[in-house]
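I have placed the structure first, in the form of structure tokens, so that the comments after it can refer back to it.
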Amino acid sequence: MKTQGQAPLWEALLNYRRQRMSSWHTPGHKDGAYTWPEWREFLGPALPLDQTEVPGLDNLARPTGAIAAAQERAARFYGAARTFFLVNGASVGLIAVILATCRPGDEVLLPRYAHRAVFNALILSGARPVYLETPWLEAPGLPLGVPPANLAVALQEHPGARLLLLVHPTYEGIVPRTGELVNLAHDRGLPVLVDAAHGAHFGLDPALPPSPLDLGADYVVQSTHKTMGALTQAAMLHLREEAPAAGVAAALNLLQTTSPSYILMASLDLARLLAEEQGRRDWGRAVARAMMARERLAQAGLPPLAPAAVTGPAASGLDVTRLVLPTAALGSAGHAVAAALRRAGQEAELAGGDYILFIITPGDGEEKIEALLAALLSLPRPAGPPAGVVVSGKKLAPPAGIPEVALTPREAWLAPHRELPLKEAAGKIAAELIAPCPPGIALAVPGEVLTPAILDRLQAVRGPAGRVLVMDG
């Protein structure tokens, strides 16, 4: 085989298939024999690769063979002491680390724009969030990152905190000053978990931001499926040191399925191989194409968000392969622009109130990018741009200040609760997580006091007749 010894799990899966063993075990489709005919015809040779923990294919819960070898190769490539394959997305990696490091009442320092999985982890662990002050861009309305000065204050005020969580990059590609933040935390003996879901490709080209592992992060979660060659739901968790591995493995076994998809795991093995063999070449091309697209759009009066616009006390730069296009020049909200592009056969990654987001990877060739540019440049440009961020017809301002936290998310989630109209919920304690995804930024978290400002944001999403779960009493 061309990749002999280089993609251990993939090779084990192919070798097992070549043995043509008669299956008297799960999965019940029996190598594709018992599936809907059109499905069988469409997937063809892929169906027999959907296997279970038979001899030779190892066991994700306690790997010692092909899966272990594949994870070890990933760890060496990414510069980790230990790497875990994840089949429940990056979410399960974030939750596992928080469960492994925090106990009820422990404080976790985090930015407000953390992914909803982080808040789910707080519910499961009983840890208490301590939100870090985060500046936002005014237009488009995006979180920038945590300024090191703000973290320094939080570390002084919360000396007993157990974990710092950072996001590197944000959904829109903004990169905080992660190296400085990690150093501040380590000076206090505080471990750092980095949600790098959107940065699995970092470090593969000089124009891309550095990997958080290279910046000293202790735990790094990557959604390998988001920008690399893995299948949706496939992700990795990297540990800088071996010591915490047993606790993290135990948490993963508590959370992950006991029937992991071998096709998903093999896609992780091959995504790593692809990155190792030709990732630098491929991402060099992707960066060049992204820069070309940026230049063409800027020349046409539709400049994407540029690194210089975000670099400052809170952020160190931007992933240039993420095109964040403010839609003010098009006179429309992001959702309207996305709908118009969809009619032209172009599907965006995300439509915000006043921007739209496109992701460029090595899978996007020049012809495809040209078609996107043609669609964008053909959009009409009315004279009057919108006045601000618009969601469901109502202006939505960036969140003001840090919300009051009355209870831990776990305490509020487990407490008796009832549903109230938004207009009657002021002063009540939220009992549900409201974090529309994408991008998954929390508008309300269990345990928070619902202020008029928070309720205004919820009404912008749920409408004037919207309701919310609050603690009873």
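The values are calculated or read from the model by the stated rules, or taken from the named source; none is laboratory data. Since the structure is predicted, the reported quantities are computational estimates derived from the model, not experimental observations. Cβ placement follows ideal geometry from the backbone for every residue including glycine, while neighbour counts extend to all protein chains displayed.
Things worth noting here:
- Answer residue from segment 120-140, given it is in contact (Cβ under 8 Å) with a residue 60 or more places away in the chain and small (G, A, S) and is surrounded by the fewest Cβ atoms within 10 Å (Cβ to Cβ) among those: A139
- Going through (1) modelled with pLDDT of 90 or more; (2) more than 25 Å from the chain's Cα centre (by Cα) one by one, P409 falls short only on (2).
- Residue in segment 217-228 that is part of a loop (DSSP other than H, G, I, E, B) and surrounded by fewer than 24 Cβ atoms within 10 Å (Cβ to Cβ) present: no
- E242 charged (D, E, K, R), outside any helix (DSSP H, G or I) and crowded, with 23+ Cβ neighbours inside 10 Å: no
- Subset of segment 447-467 (residues that are within 16 Å of H417 (Cβ to Cβ) and crowded, with 21+ Cβ neighbours inside 10 Å): G447, E448, L450
- First in segment 420-446 and assigned by TED's automatic domain parsing to the domain that holds R467 and surrounded by fewer than 19 Cβ atoms within 10 Å (Cβ to Cβ), second anywhere and among the charged types (D, E, K, R) and in a loop (DSSP other than H, G, I, E, B), Cβ under 7 Å, 6 or more apart: L420/K428
- Scanning segment 93-115 for residues that are assigned to a helix (DSSP H, G or I) and either surrounded by 24 or more Cβ atoms within 10 Å (Cβ to Cβ) or not assigned by TED's automatic domain parsing to the domain that holds L144 (or both) yields a total of 6.
- Residue that is of a type in the set (A, V, I, L, M) and either part of a strand (DSSP E or B) or touching a Lys or Arg at 6+ places or on another chain (Cβ under 9 Å) (or both), where the choices are V182, V153, V130, V118: V130
- Exclusive hit being touching an Asp or Glu at 6+ places or on another chain (Cβ under 8 Å) and modelled with pLDDT of 95 or more, set F84, F77: F77
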